[in-house]
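Each reported figure results from applying straightforward, stated rules to the coordinates on display, with no laboratory input. Note that this is a predicted model, so its numbers are computed, not measured. Heads up, the Cβs are rebuilt from the backbone with ideal geometry, glycines too, and the neighbour counts pull from every protein chain shown.
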Amino acid sequence: ALPAFKIDKLQGQYSDGDVLIHVSCDDPVVLSHAVRAVIRDSISFASVRYSQQGFSNAQGVSPSGTRQRNLMGQVDGTDNPALGSTDFERLVWINDGPAWAVDGTILVLRRIAMQLNTWDQLGRNDKEQVIGRNLSNGAPLGGKNETDVPDFTGAGEDGLSVIPQFAHIRRASPSNPNERFFRRPFNYQVLGENPGELESGLLWTAYARDLTKQYLPVQKRLAEFDLLNQWTTPVGSAVFAIARGVEPGQILAEELFG
């Protein structure tokens, strides 16, 4: 388990667990059938602790190279290491340790509830100040493009920081090259207890080879002083080891059970 953070209000039905199965698909009918097949075939030796359904933009909706948006309207997942790059290899895949873990990774799964009713009462400028990015294209405040490097030293005519001290991207920015990881967020939205009520948020995932060096320092800064915490609440948390891929006929994490 991760250390306790003061912003957490974790619920058992969204936390922990022994085995994670992540099923993704572009077609909800195929997805439903696949999930049902997995559950059906595991009834004899396992029970479902919880199931969480998430979604992202459909393929083709966003221009190539554009990140998806979360339900707050913000572009989400900027500054990820590129898939297949040396950077990704260094940050994500485990290269030392038990044989079953090498070439795998570690996954953090956080269910983060959003208070959209109060968030939507903010004006555009206030929302951009809280995040530190433009709503239109995800560019950092003071920049033009999503991939521009944020200028945390820039000041406006009033002498105040262009990117506020409380802005989410300032708190999430790495203090050294090791404080980076691969993020893959999914939106969720379910019916609440009252008619017409919707519960919205993120199924936020992070992949890293070393959580202590890469992930925890960033999460601690966010928990200490991030204005976005007024509209987001972590309600679920889990950490899983992800074994490397296998070829047909091989067993996932075989060395672990040898």
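By how many nm would the segment from Ala58 to Ser85 lengthen if fully extended, with 0.36 nm per residue of separation less the alpha-carbon distance?
7.3 nm
Projecting the Cα atoms of Phe166, Phe240, Ser24 onto the charge dipole of the chain (Cβ charges, centred on the Cα centre) puts Phe166 farthest toward the positive pole. Its relative contact order, with pairs defined as Cα atoms under 8 Å and 6+ residues apart, puts the chain at 31 percent.
For Lys144, a cut-off of 20 angstrom between C-alpha atoms picks up these aspartates and glutamates, skipping any fewer than 8 places away in its own chain: Asp76, Asp79, Asp126, Glu128, Glu157.
Put a plus charge on the Cβ of each Lys and Arg, a minus charge on the Cβ of each Asp and Glu, and nothing anywhere else: the dipole of the stretch 196-241 about its Cα centre is then about 320 debye.
Using a Förster radius of 41 Å, what is the FRET efficiency between Glu157 and Thr212 based on their Cβ-Cβ separation? Nearest 0.05, please. That pair, Glu157 with Thr212, gives E of 0.45.
Partners of Lys6 within straight-line reach, counting lysines whose Cα lies under 24 Å from its Cα and excluding those fewer than 8 residues away in the same chain: Lys127, Lys213, Lys220.
Against the set [x] 0.99; [y] 0.97; [z] 1.03, the structure's computed Rg/Rh (Cα atoms, Kirkwood Rh) falls on [y]. With θ taken as phi - 60° and the Karplus curve 6.51 cos²θ - 1.76 cosθ + 1.60 applied, the whole-hertz 3J(HN,Hα) list for the stretch 80-94 is 6, x, 5, 4, x, 7, 4, 4, 4, 4, 6, 8, 9, 7, 6 Hz, x standing for glycine and proline.
Placing a pseudo-label 7 Å from each Cα along the Cα-to-Cβ vector at Ser44 and Ala99 gives an inter-label distance of 2.8 nm. For the stretch 18-106, just say rounded, prolate or oblate: build the C-alpha gyration tensor, square-root its eigenvalues into a ≥ b ≥ c, call rounded for a/c under 1.5, and beyond that prolate if a/b exceeds b/c, oblate if not. Oblate is the answer for the stretch 18-106, as a/c is 1.5 or above yet b/c matches or exceeds a/b. Between Glu193 and Phe225, full extension at 0.36 nm per residue minus the direct alpha carbon distance yields a gain of 8.4 nm. For Asn95, neighbours were defined as the other residues whose beta-carbon sits under 9 Å from its Cβ, and their charges (Lys and Arg +1, Asp and Glu -1) total -1.
Restricting to DSSP H runs of at least four residues, report the calculated mean residue ellipticity at 222 nm for the chain, -39500 (n - 2.57) per run over all residues, nearest 500 deg cm²/dmol. Before the final figure, lay out the partial values.
On the way: 7 runs with 52 residues, N = 258.
Result for the chain, helices only: -5000 deg cm²/dmol.
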